[in-house]
Amino acid sequence: MSERLPTGWTVAPLGDLARIYSGGTPSRGVPAYWGGGIPWVTTAEIDAGFVASAREKITEAGLKASAARIAPPGTLLLAMYGQGKTRGKVALLQIPAAMNQACAAIEVGKKLDGRYLLFYLASRYEEIRSMSNAGSQENLSGDLVRRIPIAYPSIHVQREIAALLGDADDLTVKLEQLIAKKEAIKQGVMQQLLTGEHRLAGWDHSRLSDLIDGLEAGVSVRSSELTSNGVAVLKTSAVSNGRFDPTEAKPVLSMDIGRVRCNPVAGSLIISRMNTPALVGEVAYVERNYENLYLPDRLWLARARRSGHMRVNMRWLGYYLSSGPGSRAVRDLATGTSGSMKNIPKERLLALTIPTPPSCEQDRIAEVVCDVEHEIDLLCRQLSKARDVKQGMTQRLIGRTRLSLKESVA
């Protein structure tokens, strides 16, 4: 049962408020059906947003020879099935387009605003996914989509709600674009400062063992999300895209606390020695000490060499090893016959030759790249806050009505 609706709100099955149909796929074996001028959308292109283009196009012949049909702009597309988390996602068409049979096209009537319905269905993503038919592949169906209960106020209020949530969406999109732009700037800066040919020609070369004081690994310990004793072990995902995320960790079981070793310490690097082919060799700089956090056996800790003629800036070293050429050089050291897991031998990594600028130049490079990273971090915090604000707004404006979708389709 649902809670009492706010004054002026109504609830009805989606099928009573909109025209719902699915698309089709022309035969892949007939080239004449493909490469025409009609955009053809698949569920892979549906998300909580808008569809303004399609990766593939079909011809008029392909349209006529299949169940595909052209939906007008303003039609809502809901993914009935697909890979991963696709099922249940929604998007609003901004162009006339056909779609495949996994898409439910929803043309709203006079009682619904299309953007309001977009936000409404997106806010109930998990509930809609739970409606799926049982089977080897959980799917939605046209009948299930028609039976989704929709709570809605007057069309005027719907448009006001859609405008407010749309403004919140616009802010997150702008922040995402700024972050992407800053990330591109960072990559350009790293390319120029860390690997520029005009610089490499004047730099010395060092073995990694000349720059760091060895490689120390943690140990494999048992862990569980169900325990909480203040001691945690990092997941391999704690090192990704050149960044260290200390929250990617699991609590250690009490009986294994005595076995843990190797804390992340300020000024060190963490290196993923064993991981998937795409992630093995990931490197990240550690900003501060973490007393109750420990490395697993698949991660190495590297500290600056404490003796020798050269002072190394570990932040610079981390940036180099995470740059294009540096990252490729590290990953090329990985061995293993498994297609899903690779391992970097310690002696091969320590023998890696690295173009090494003077210490003062290392400091300048690290400072420039670090400044860009701080700008990205600030934007990421703003984005996280903007998303929280939108979620709160959605809860206040739409989430006041608790409709049991499972009961509605029983």
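Considering Glu216, Glu160, Glu225, Glu176, the condition of being touching a Cys at 6+ places or on another chain (Cβ under 7 Å) and open to solvent by 70 Å² or more (accessible area, probe 1.4 Å) is satisfied by Glu216 alone. Residues that are open to solvent by less than 70 Å² (accessible area, probe 1.4 Å) and among the aliphatic types (A, V, I, L, M): find the helices (runs of 4 or more DSSP H) completely inside the stretch 248-359 holding 3 or more of those. Fully inside the stretch 248-359 and qualifying: 314-322. When Asp371 is tested against (1) in a helix (DSSP H, G or I); (2) touching a residue at least 12 places away in the same chain (Cβ under 8 Å), exactly one condition is not met: (2). Residues in the stretch 12-58 that are closer than 23 Å to Asp143 by Cα and among the aliphatic types (A, V, I, L, M): 9 in all. In the stretch 1-48, the qualifying residues are those that are in contact (Cβ under 8 Å) with a residue 60 or more places away in the chain, outside any loop (DSSP other than H, G, I, E, B) and among the hydroxyl-bearing types (Ser, Thr, Tyr), and the one that is farthest from Gly62 (Cα to Cα) is Thr10.
The values are calculated or read from the model by the stated rules, or taken from the named source; none is laboratory data. Since the model is a prediction, treat every value here as computed from it, not as a measurement. No Cβ is skipped: glycine too gets one built from the backbone with ideal geometry, and neighbour counts run over all protein chains shown. Surface areas here come from the heavy atoms of the whole protein model, side chains and all, with no ligands, DNA or RNA. Shrake-Rupley method; radii C 1.70, N 1.55, O 1.52, S 1.80 Å.
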